[in-house]
1. Of the residues 255, 291, 263, which single one is in contact (Cβ under 8 Å) with a residue 60 or more places away in the chain, within 30 Å of residue 67 (Cα to Cα) and surrounded by fewer than 18 Cβ atoms within 10 Å (Cβ to Cβ)?
2. Within the range 1-57, considering only helices (runs of 4 or more DSSP H) that don't extend past its boundaries, which have at least 3 residues that are surrounded by fewer than 14 Cβ atoms within 10 Å (Cβ to Cβ) and out of contact with any helix residue (DSSP H, G or I) (no Cβ under 9 Å at 6 or more places or on another chain)?
3. Say we look at the range 83-121 and pick out the residues that are touching a residue at least 60 places away in the same chain (Cβ under 8 Å), within 20 Å of the chain's Cα centre (by Cα) and not in a helix (DSSP H, G or I); which of these is surrounded by the most Cβ atoms within 10 Å (Cβ to Cβ)?
4. Of the conditions (1) at negative phi; (2) surrounded by fewer than 19 Cβ atoms within 10 Å (Cβ to Cβ); (3) touching a strand residue (DSSP E or B) at 6+ places or on another chain (Cβ under 9 Å); (4) in contact (Cβ under 8 Å) with a residue 24 or more places away in the chain, residue 80 fails just one. Which one is it?
5. Do you know which residues across the range 210-238 are more than 30 Å from residue 35 (Cβ to Cβ) and in contact with a strand residue (DSSP E or B) (Cβ under 8 Å, 6 or more places away or on another chain)?
6. Would you mind finding the one in 134, 126 that is crowded, with 23+ Cβ neighbours inside 10 Å and more than 16 Å from the chain's Cα centre (by Cα)?
7. Does residue 65 satisfy the condition of being in contact with a helix residue (DSSP H, G or I) (Cβ under 8 Å, 6 or more places away or on another chain), at pLDDT 95 or above and either buried (at least 19 other Cβ atoms within 10 Å of the Cβ) or assigned to a helix (DSSP H, G or I) (or both)?
8. If residue 204 satisfies every condition in (1) more than 14 Å from residue 80 (Cα to Cα); (2) within 14 Å of the ligand (Cβ to nearest atom) but one, which is the exception?
Ligand SMILES: *Cc1c(COP(=O)(O)O)cnc(C)c1O
């Protein structure tokens, strides 16, 4: 760190993204990206004509994409806020709505803690139950902004809409943010509830189910008032937060919904396959509604299995946090990738894998 760094950021613990090594070609099951390319409509939309307009700023209102998202989700454009990845939407939500502090689970998306820390927000970290489920009572009338990933990461487990509604209802004077990054893989969305509760913000991303992690596109659906608050923060930080090419890619992908729905179905099928195979090998796998699974085995430590998989060309995610350091978070990829994973795990557990 330089001697110029502001003291208030000096002790920040940064978010650590999943590794993106380039030393060899890996089967990459560590950052919950889609194994499928963007839809053909996206290839057509991001064309020479669009590149030819890059000398001009993009539309700061994201008007066309906003309208399209509103139609897709059955809400008004005033209910939509678009961010440079949902990480940006979440960051703005932490800035806008956490005057009374924030509350989130001990095991959840790691960025919540980083954002709270970045903005000097008092954070109440609430342990998940022994079985890694969220105890809704812990959040009732909590008197601060609530952040819930649903399905949760890295567990993949889902909280029911009834429980979400009860939490939202019991905190009328604070915003409840439901982060639905993984909702398209079999979860239940709380979007309809945003019409009934002005304190509910549902956050979604193009990075997982829509094959656009590299485009950086996320959005939220919520009441007109809280959406206006997010816009105020955006116009005070980066009005042109979404680049031209991403705007057209995002809009084109909404025109090709069947392509993405089919891909999600494939992921769900591959998830069920992988769970079955790993359970047969003696793994304990948490019930997942996401495009990843969270699994452990008594036969080898999480750390060791992670390392051996990596040596053999398969990347998965391992967390060092004590409560979950025996688990691996495995992104669900193509059928072939999952077959390769299962075969390699089998080989490793039988002591037959050799380091390359
Ligand atoms: C991946 C992820 C995000 C961030 O997604 P981007 O849109 O790529 O910024 C947000 N929340 C959760 C729970 C995630 O897993």
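The values are calculated or read from the model by the stated rules, or taken from the named source; none is laboratory data. These numbers were taken from a predicted model, which means no experiment stands behind them. Glycine gets a Cβ as well: all are built from the backbone with ideal geometry, and neighbour counts include every protein chain shown.
1. When all the criteria are applied, what remains is 255.
2. Result: 7-10.
3. The residue in question is 83.
4. (2)
5. Correct list: 222, 223, 226, 227, 230, 231, 234.
6. Selected residue: 134, the only one of 134, 126 that is crowded, with 23+ Cβ neighbours inside 10 Å and more than 16 Å from the chain's Cα centre (by Cα).
7. yes
8. (1)
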